[in-house]
Every structure is written in C-alpha cells, then in structure tokens.
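A.B. asks: Quick one: the structure is below, questions incoming.
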Amino acid sequence: MTRRLQISAAAVLVAVLVCASCATEERTPGAPIDGATGSAPGLGWTLTPSDAGIEGGQFRDPVQDSDTDSMHSGSISDGSTVVTLLGRLDGREFVDATLVGASIADGSVRWRTPADDIVGCGEEFVDGQVVCYRGNTGTTSEILTVDTESGESSTRDAAFPITSLTTADGHVYTSRAVREGARVAVFRGTADALDADWSVQFDSTASPDAPFASTMHTENGIGLFDDGRGVFAFDLDTGDNLWSRTVPDCARSGVASRDGAVRVARADCSDPTTIVGSEIIDTDGTVLAATDSVTLQQPTFDSPAESSPLLLGTGGYRPSNPDPVWTDESLVWAVPSDITGPAAAFLSTNGLAYAVTGSVALLRNTDTATESAIDLDTGTTLWSRESGAFAEVGALDGDVATLFGPEVLRGIDVRTGSTVWDIPVAALDDEGIDRQSWPMFDRVDSDSIDTDSIDTDSIYTRALSISLLRAR
C-alpha cells in the first residue's frame, strides 16, 4: 500500500480465523452505500472499535506513536491482512494501545496484541510481519515484530538507539543520530539484524543536543534522510549517497514525487527555519528546476506528467531552463497587513498546491475559501469555485482523483472540477469525530491476490471505522 497517506486494555494474544485461502478467494462486488452517487465504489465491509473488542476506542495509524494521540487514523495492509492501531483517548494520551489484524477478504478480526510504548511501525509488511520499535529518547531501543497471520509477537534489543524506522520492498531501514562522536548513520537489514545489508554514514551538521529531529523516507524508489539542516539522498539497494544538500547550501524537507524527483526547501544555514528558495532534484542529483522564490509548493500527492512543466515557487519550469514558462503570483497566500511574525512567515512561504495530478495542479486557498485547478502546461486556470470541506488526494484514475478528508469521500474530474461520484462519510460512521482527527485512504496492495477487482479495492480508515471499498 502506498502512502502516504496519504491508521485496549492489555489484550491477550489470540490467533483467530487464520485465513489460508485469502489469496485466492473470489470477491463479490461492493454493496451500494446509502446516499452514494455516480460511479461510487461499493462497501465490502466495515470494522468498528467495538467489533475489534474495544468499546469506546478509536483507530489510529500504526506508523505513529502509540502513547500520544497522533490524531491520524490509518492502517498497514497487503492483499490479505490489514493492521491498525486501536486504543482509548485520555486527554492527549492514547492508552491501552493494541495492534489489531483483520482479514482483507471479510473484515473479520484475526488477532490482537498489546502495543504500548511503540514509537512507530514500518509502512509495509516485511516477511509477513509488522515491524515496530520502542525507545528513542535513551541509549537503547527495541524491535517489536508481529506476524500478520497469527498475531504472534516477538521483541528483541536493537544494536543501537533508533531515531527513525521505516520498511520498503521487504527490507527494514533504520537511522542512528549523532551521538558520542559518531556520525549520523542509516542501516538496511532485517528485524533481527538491522545492519545485515549495509550501513552508511552522512556528514550531518545537526547538533548532538537535538538528536531526534531527523526523519527518513523510502517512498517512490529513493531514500531520503533529513536532519533538519541537510537532506541526504541514498540508493535503497546499496546505501550509496546519491546527492546531498547541506552546508553551505543547507536544505530541509525533502519529499519525493512518484517519479522519484525530490522537492527540497533551501534554508538559511544560520537559521534553518528561514526559507531562501526551493528546487527539484532528479535521482542522480541533477537539478531539474530551481527558484529563489520563498514560496514552497509541497503537494501531498505529487504525480506529475513527464511532458509538463514542473511546479515550483510561483511558476512552471522546464528542466535545465532557469526561466519559468509561466508565472502566477496567486499561487501563494496574500498576507494581510495586520498579520505579522510567524503567521505571516507561514503564509508567505506555503503555496496553495495540495496535489499535482498529471498536467494539473489542484489548489486550495483557505483565506478566500476557494479551490481551483491550473493547467501546468500553460498556467491558465481550468476551474475555480467556493471550497468545500478540507480534503487531500488519495488516488488517481485517469483524470479522476479520489478526494478524502474528515467530511469528504468523492471522485472529481481534475480538469473540470465536476463530481464523478460521492459517498457521504456519515454512511460509514455518523458521529462526526473525524472533524477533530484525520482519516486515511489508500489502495490495497495487489501482490498477493490474483483477482480482477483488486486494483480498485481501497481502505478508508477513520477514527471510528475501517471500510473496504470495492468497485461495483
């Protein structure tokens, strides 16, 4: 499953309903959902916290901390099992945290296992296991693995204090911070031997006094390590440093698009919070486009067309051409004269694009309460209207983008803005709690299932429900 996405009282480990035939089970079309319009997908099943044995609980993203409420619901899945985090809220604390595994085929709960004190879990299963870790504030860390079929768990000490962990393509990636003279290092291996494949060190300039500000990503075929002052790109197979942006060209916030190119925010080395420009870097380190504009376009869904100009700052750029093909100053919020300080800096540096889909950029301006789309080939506005409830893009099928948010689940034609289908989220759970939290929408990985319908199976995870959506 791609993200992103953009998901108890101490439970006894129980192995139930282990589904050995899930990989070949024939799937029926989704059932119509009350109030749905157009070509909306149907409902395969819905799982609630009470179904999973936790009355009054809420679903959260296992990739996030299990102690503090992340306010992000979510899940991890393959073609057979979906795993989510379930617990109860006590103020900002998330208590009685439990990992829950359910069958993709019918939503039945297979197992529950305690998950207290988890700092985070990898975004993909590795060898049929969820891989998580505990401990990032001391000198030791632990690795926790849970078998996705049986729920059987295992804990072992890590060889070093972990600052971040992720999983991709059957491997476990971890990082170690600057500590006791050791340089920042990234490792690839297994849950049992974190450095089994390789380990690499980076010339980080981050302060040892702030060792836990780093982040690591492995999406879209490239590894990225951000220490808050510099961005280091590495090859996922070998660990080789592909390129870096650090002193005297400090950078932060490296994000890879679906073609592997990376958006980087250039920063003032003396003050990493001050933005001085941005650039888009190819996987080999080639700068495809750069601008001194302090406007950052950071779409959460970034799937550009190869033939279209690249959206950067307030314009569209062709590779290796320093001059924009077109510019549009309305791509950034206008800062009212009565707003100063950090709020003004935020408005002046954050662009309006929340998604790039082919040759179209989707924009949202909360100041004017409008949403719109621009043609990246020409810079012209394709459509504009009053904005509805806040949403992000979770999938793209041709010109139809799936929008999801606390109150939104619909498909729109990105070139016209017209609604292709719509599902009222109250039909899935009607308490409206997601207005204070964030759901997740993602496609189910089809690797382990041989059916024609799997490509349109999706998981929509909210605080009070997990739903499998399937083409009708």
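A.B. asks: Once you list every other residue whose beta carbon is under 13 Å from the beta carbon of Val262, what net charge do they have if Lys and Arg are +1 and Asp and Glu are -1?
C.D. replies: -2
A.B. asks: Rank-order 387-394, 170-177 by packing density, defined as the average count of other C-beta atoms within 10 Å over each peptide's residues, highest first. Could the numbers behind the result be given before it?
C.D. replies: On the way: 387-394: 19.9, 170-177: 22.5.
Packing proxy ranking, top to bottom: 170-177, 387-394.
A.B. asks: Please list 3J(HN,Hα) in residue order for region 422-434, calculated via the Karplus relation 6.51 cos²θ - 1.76 cosθ + 1.60 where θ = phi - 60°; whole Hz, with x for glycine and proline.
C.D. replies: After applying 6.51 cos²θ - 1.76 cosθ + 1.60, I find 8, 10, x, 5, 5, 6, 8, 7, 10, 8, x, 5, 6 Hz.
A.B. asks: While we're on this one: Given a Förster distance of 30 angstrom, what is the FRET efficiency for Asn350 paired with Ser108, based on the Cβ-Cβ distance and rounded to 0.05?
C.D. replies: 0.10
A.B. asks: With all protein chains present, how much of the accessible area of the chain (probe radius 1.4 Å) comes from carbon and sulfur, to the nearest whole percent?
C.D. replies: Answer for the chain is 48 percent, counting heavy atoms of protein chains only.
A.B. asks: A further question on this structure: Could you pull the accessible area for Ile222 with a 1.4 Å probe, rounded to 10 Å²?
C.D. replies: 0 Å²
A.B. asks: Could you give me the ³J(HN,Hα) list for region 226-236, computed from phi with Karplus coefficients 6.51, -1.76, 1.60 and θ = phi - 60°, whole Hz, x at Gly and Pro?
C.D. replies: Running phi through 6.51 cos²θ - 1.76 cosθ + 1.60 with θ = phi - 60° gives 10, 9, x, 10, x, 10, 10, 9, 9, 6, 5 Hz.
A.B. asks: With semi-axes √(5λ) of the Cα gyration tensor in Å defined as stated, name the option among [x] 36, 25, 21; [y] 47, 25, 18; [z] 34, 30, 20 computed from the structure displayed.
C.D. replies: [z]
A.B. asks: Considering only the other residues whose Cβ falls under 13 Å of the Cβ of Pro49, what net charge follows from Lys and Arg at +1 and Asp and Glu at -1?
C.D. replies: For residues surrounding Pro49, the net value is -1.
A.B. asks: Further question on the same structure: Using a Förster distance of 22 Å, how high is the FRET efficiency between Trp198 and Asp397, based on the Cβ-Cβ distance and rounded to 0.05?
C.D. replies: Details: r = 37 Å, r/R0 = 1.70.
Efficiency, from the Cβ-Cβ distance: 0.05.
A.B. asks: OK, next. Probe of 1.4 angstrom, ligands and nucleic acids ignored: what's the accessible area per residue over the chain, in square angstrom? Could the numbers behind the result be given before it?
C.D. replies: Values: 19270 Å² over 472 residues.
Normalised by residue count, the accessible surface of the chain is 41 Å².
A.B. asks: Something else now. Please give me the summed charge of the neighbours of Val400: other residues whose Cβ is under 13 Å from its Cβ, Lys and Arg +1, Asp and Glu -1. Display every interim value, and only then the final one.
C.D. replies: Details: positive: Arg410, Arg415; negative: Asp397, Asp399, Asp413, Asp422.
So the environment of Val400 carries a net charge of -2.
A.B. asks: Starting from the 7 Å offset along Cα-to-Cβ, what nm value, one decimal, do you get for the label separation of Glu407 and Asp90?
C.D. replies: Label at Glu407, label at Asp90, 3.3 nm between them.
A.B. asks: Using a Förster distance of 56 Å, how high is the FRET efficiency between Asp338 and Asp240, based on the Cβ-Cβ distance and rounded to 0.05?
C.D. replies: After rounding, the FRET efficiency stands at 0.65.
A.B. asks: I would also like to ask the following. Dipole size in debye (nearest 20) for the chain around its Cα centre, Lys and Arg Cβ +1, Asp and Glu Cβ -1?
C.D. replies: 540 debye
A.B. asks: A further question follows. Please report the base-10 log of the normalised intensity I(q)/I(0) for region 304-355, using a Debye sum with one equal scatterer per alpha carbon and no solvent, at each q in 0.14, 0.27, 0.29 (1/Å).
C.D. replies: Values returned for q = 0.14, 0.27, 0.29 Å⁻¹ are -0.45, -1.03, -1.10.
A.B. asks: Just for the chain, what percent of DSSP beta bridges are antiparallel, to the closest 5?
C.D. replies: In the chain, approximately 95 percent of DSSP beta bridges are antiparallel ones.
The values are calculated or read from the model by the stated rules, or taken from the named source; none is laboratory data. Since the structure is predicted, the reported quantities are computational estimates derived from the model, not experimental observations. Cβ atoms come from the backbone with ideal geometry, glycine included; neighbour counts cover every protein chain shown. Surface accessibility is based on the protein's heavy atoms, side chains included, excluding ligands, DNA and RNA. Shrake-Rupley method; radii C 1.70, N 1.55, O 1.52, S 1.80 Å.
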